[in-house]
Amino acid sequence: MPAVEVSRLLKGAPPVGKRQTLDEYRAAGGYEALRKGLGMTPEQITQAVIDSGVRGRGGAGFPAGRKWTFVPKNTGKPVYLAVNGDESEPGCFKDRQIMERVPHLLIEGAILACRAIGAQTAYIYVRGEYPSCIGNLEAAVEEARAAGILGSDVLGSGWRCDVWVHSGAGAYICGEETGMLSSIEGGRGYPRIKPPFPAVEGLWRSPTIINNVETIANVTLIVRDGADAWKSAGDADTPGTRLVGISGHVVRPCHVEIDPAKTTLRELIYDHAGGIWKGRKLKAVIPGGSSVPVLPATQIDVPFTYGAVKAAGSLAGAAGVIVMDDTTCMVDALLNLMEFYHHESCGQCTPCREGTGWLEKLVRRIWSGGGKPEDIALLDRVADTVGGAGAGKTICFLADSAVMPTKSFLKHFRADFERAVAEGGSPVWKARASRRKPAAHAGAR
Amino acid sequence: MPKLTIDGKTMEVPKGATVIQAARAAGIEIPHYCWHPGLSVAGNCRICLVEVEGMPTLQIACNLLCADNMVVRTQSEKAKGGRADVMELLLINHPLDCPICDQAGECKLQEYSFRIGKDRSSFDFPKVHKPKHVRFSDKVMFDAERCILCTRCVRFCAEVAKRDELDIVNRGDRNEIAVKRGGELENDYQMNVIDVCPVGALTSMDFRFKSRVWFLENAKSVCSGCSRGCNVTVGSRWNRVLRVIPRENPHVNQWWMCDAGRFTYKGNDADTRLGAPMIRKNGALAECSWDEALDAAAKGLRDAGADLLALVSGRLTNEEMWLAKDVLAHLGTPHRDVKPRAFAKDDFLRTGDGNPNSRGAALLGIAPGTGGSGLTSLGSRAFRGAALFGEDLDDRPEALEALSKCGFVLVVGSHETETSRRAAHVVLPGVTPFEKDGTYVNVSGRVQRLARSVIAPGEAWPDWKILGALRARLTGAPAPRTPADAFAEMCAASPAFSGLPWNGLGEHGADARTPEPAGAAR
């Protein structure tokens, strides 16, 4: 099957690096959804989003419309919308396409979402390493304000709504929804304990709805085209299109908008990304961003829907497909991930704070030739004490995000670990070690 | 009112109660580090894991709201295993330096390690190293390696002291508590962070290395620093007070006390302590026997009679004030007063009244009677005699000058003062609040027990015994043999204390019968 790209979110988008201006956006029918939405009641907008079945594109896949209904009524407190554009998950660069290239699509969706949930203020939290997104979004917000789309009188409706762009400062954990709230408030990016859930007590202890950038951009399309038309892409499990980023050992790392029901993981890798580089073979793929379980090459013939990828043993997550070729030492790959999670753990909860460091040390020891045969079983056990899919051992999912790759790497690629123990380390380490003096392999950072 | 079952015990709890609170109320202690009944829920230590029927994963009891028909198991294999895992993780980077750690003996890491931990660790890497002996202030020392990042100290400063002075810097297992903006802790309640710290990370600059805590003798008492009467535990060894820490009393101070209150014991061992009675002979004070001194004091008081000015210290116990008042009534003098001790109050515990028993004095009518004069009349009016029960005038030079012109001056006190040196004809050595039993009435009318922690030096007598002996000499009334006797006598005669039982005051005290003084007060 040839690579079928669909074009909805990025329809008419300028090339990477460029921004669609307000005039360009309007010429293509932009802000007509907002005009339509202003003629609808908040309940009607919410209902359209519920009917669309759109699931959260940040990774968890929670039905967005249902989330909106969790906002308590008549609390006397303001309601906020927080749009998560932190995109800190390794392997993910899809939201960037929206924020950088079609920022007005996102702003329009944010205003509509505010209208639906009773908010008048939206914050778009943008990854600090995305200066072009921040700049382009801010420019678009200024344009919208100047044009009366944002501000005290949205499109002459008498209703006030404003959007603020908030820059992150480089912490992975600020992409966790409640860590993001702490960061927006100016605090340390600590995820918050639930309950209370953000919909009840979020920003400044007020009801707050948190949605991913791609989810909110889709709201514009849902209101504009109606839920039924929007649902024409995808299937009942994963309605709508998905933006996917493909990176790693592929010929053409890229982002692509697809119909998830009609596109398999294999097609993403071999058609959209041009296949495995250097004529090599596929060894493993992480389909949804670094936190989800790895899949072996045998399990890629699945549509890229939430349900199908889950059935294959992983998660579609935030659609960051990371491809590894057959020269990859999985110990080396896991060490890379463990360094990341150890570095990014906020340190709030005991299992994550202490455990991610221990995991990294164990993997590094195996990687650097100091591993003992029992270290592999220990790695497996320590991973279980730290977290796991749905383990709930910590306030947020970072610990689970470190454990899911660990467990799946051991499950599918245990031989790589056994070889590293038996043969004095990962081939990568050995190659490096042969080029320089032997280093202590005890594993202390 | 949700009804739930914890470890087979069924209980009904107020709406909004968490499982850890419900369990505690039922006498089931669920291990916890970050949770503290006086602070917000942080949910970060993860040690309070419990198994709940119908829930797939272990839950943290500190943030789990009780619900109807909830069945909680704290002792299931799964719950115990989960907690043991957390214990193991807590210790992998902990220095395990218990032999030289000041917290040893009252450390929750030790306690839970012993109770619920594993007997060995699978961790065989070098530990993460962090700064040690970091001065947070001249009162608080920090050791980042021992810290388990529970954030109790951070939350105490922000939520209770209302001074957001602490925070966490860095990430993950490099996290450290730090004073914001590189400054020092400045709030007046900062030493509570030492008490809330469940481990040896925050220690007291004053107490550290003075004694292993298991050698301390602990007395449940109340602070004599101000009229709040914060409940305290006084730790002593070698007959010396070594520390004063707060003791929970929901009616008075919850779990807290101010830093100044902790230092009220300083001076207890001062060189100026009085160890023997003295009489002024040929212009100089000379030590003498108790009989000689008491006879001289009684004679002086009798001679002054109705023209005696008595200053009864607001630091004396109710029993002592009662006996003093009885003595003064017998002499027929209306000139009785309490010297005020004002300091800057705050909107938390510090009342601004440095007399711990002002309310007791008011309830017992220690104030100028009809036609009587008080402290302020010293200088403008001559008295035939003066008696200072537990009081001095060192801070009031003009009054002291006037006092020294009195024909007879009795000073009862624990320390040698300018007042006793210059003005006293008879000096009777009393004791400090750490050296006697008795009761105080705090600012809100709570009658609370003061407990003896250490024995006074030399031949000093507790003030109630001195006053009892003086009264016996003046009136023939029997001297109370114990402070409990004096308390019973006072309760029988004074409506404010009517029917209060000495032993029944318990750990948290009891409200005075008539908390507002009737008529006799200023």
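Listing for the model above:
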item	result
Whole-Å distance, taken between Cα centres, linking segment B:349-370 and segment B:266-332	20 Å
Estimated FRET transfer efficiency when R0 is 30 angstrom, pair B:THR482-B:ARG421 (beta carbons, to 0.05)	0.40
Gyration tensor verdict on segment B:108-245 (Cα atoms; rounded if a/c is under 1.5, prolate if a/b is larger than b/c, oblate otherwise)	oblate
Tail weight of P(r) past 29 Å, computed on alpha-carbon pairs of segment B:278-511, percent	22 percent
Calculated on alpha-carbon atoms, Rg and Dmax of segment B:218-309 in Å	19.3, 55
Pair-distance profile P(r), taking every C-alpha pair of segment B:1-143, with 10 angstrom steps and integer %	11, 35, 31, 17, 7, 0
Total formal charge among the other residues, if their Cβ is under 10 angstrom from that of B:PHE383, Lys/Arg +1 and Asp/Glu -1	+2
Chain B, relative contact order in percent, only Cα pairs under 8 angstrom and at least six apart counted	11 percent
Charge dipole magnitude, Cβ of K and R +1, D and E -1 - chain B, Cα centre, debye nearest 20	160 debye
Antiparallel %, DSSP beta bridges [both residues in segment B:3-90], to 5	80 percent
Distance (nanometres) between label positions extended 7 Å along Cα→Cβ at B:ARG513 and A:PHE62	6.1 nm
Helical mean residue ellipticity (222 nm; -39500 (n - 2.57) per DSSP H run of 4+; nearest 500) of chain A	-12000 deg cm²/dmol
Segment B:3-90: relative contact order in percent, alpha carbon pairs under 8 Å with at least 6 residues between	34 percent
Span from the segment A:297-350 Cα centroid across to the segment B:371-443 one, whole angstrom	80 Å
Inter-centroid distance (Cα atoms) of segment A:152-194 relative to segment A:89-146, Å	11 Å
Two-decimal Rg to Rh for segment B:385-522 - Kirkwood Rh, Cα set	1.00
Shielding score for B:53-64, defined as the mean number of other chain Cβ atoms within 10 Å	2
For B:GLN190, distant residues with modelled amide H under 5 Å away	B:ASP259
Shape category assigned to segment B:81-123 from the gyration tensor of Cα positions, a/c cut at 1.5	oblate
Beta bridges by DSSP in chain B, antiparallel share as percent, to the nearest 5	70 percent
Pair A:ARG145, A:ASP326: separation of 7 Å Cα→Cβ label points (nm)	5.7 nm
Kirkwood Rh in Å, taken over all unlike Cα pairs in the protein assembly as shown	32.9 Å
Karplus-derived 3J(HN,Hα), 6.51/-1.76/1.60, for each residue of segment B:162-175, Hz, glycine and proline x	6, 10, 6, 9, 10, 7, 10, 10, 6, 9, x, 7, 9, 4
Residue-averaged 222 nm ellipticity for chain B, from DSSP H runs of 4+ at -39500 (n - 2.57), nearest 500	-6500 deg cm²/dmol
Nonlocal amide H pairs with A:SER426, under 5 Å, H built at 1.01 Å	A:SER368, A:GLY369
Proxy reagent accessibility, fewest Cβ within 10 Å first, across B:LYS465, A:LYS281	A:LYS281, B:LYS465
In Hz, Karplus ³J(HN,Hα) per residue of segment A:218-231 (6.51, -1.76, 1.60; θ = phi - 60°; x = Gly, Pro)	5, 4, 4, 5, 5, 5, 5, 9, x, 4, 5, 4, 5, 6
Kirkwood hydrodynamic radius over Cα pairs of segment B:35-109, then Stokes diffusion coefficient at 4 °C and 1.567 mPa s, in µm²/s	91 µm²/s
Value of relative contact order over segment B:278-511, rounded to a whole percent, pairs C-alpha under 8 Å and six or more apart	21 percent
Neighbour-count ranking [beta-carbon atoms within 10 angstrom, fewest first] of B:ASP119, A:ASP271	B:ASP119, A:ASP271
Antiparallel content of DSSP bridges confined to the protein assembly as shown, in %, to 5	60 percent
Modelled FRET efficiency - R0 22 Å, B:GLU159 with A:PHE197, Cβ distances, 0.05 increments	0.50
Dimensions (Å) - chain A, Cα atoms, principal axes, largest first	72, 48, 37
Measure of compaction for segment A:206-310 (Cα Rg per 2.2 N^0.38 Å)	1.20
Reference-scaled alpha-carbon Rg (2.2 N^0.38 Å with N residues) for segment B:313-447	1.04
A:ILE134, B:ILE466 arranged by Cβ crowding within 10 Å, fewest neighbours leading	A:ILE134, B:ILE466
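Values quoted throughout were computed directly from the atomic coordinates according to the rules given, and no laboratory measurement underlies them. What you see is a predicted model; the values in this text were computed from it and never measured. Backbone-built Cβ (ideal geometry, glycine too); neighbour counts: all protein chains shown.
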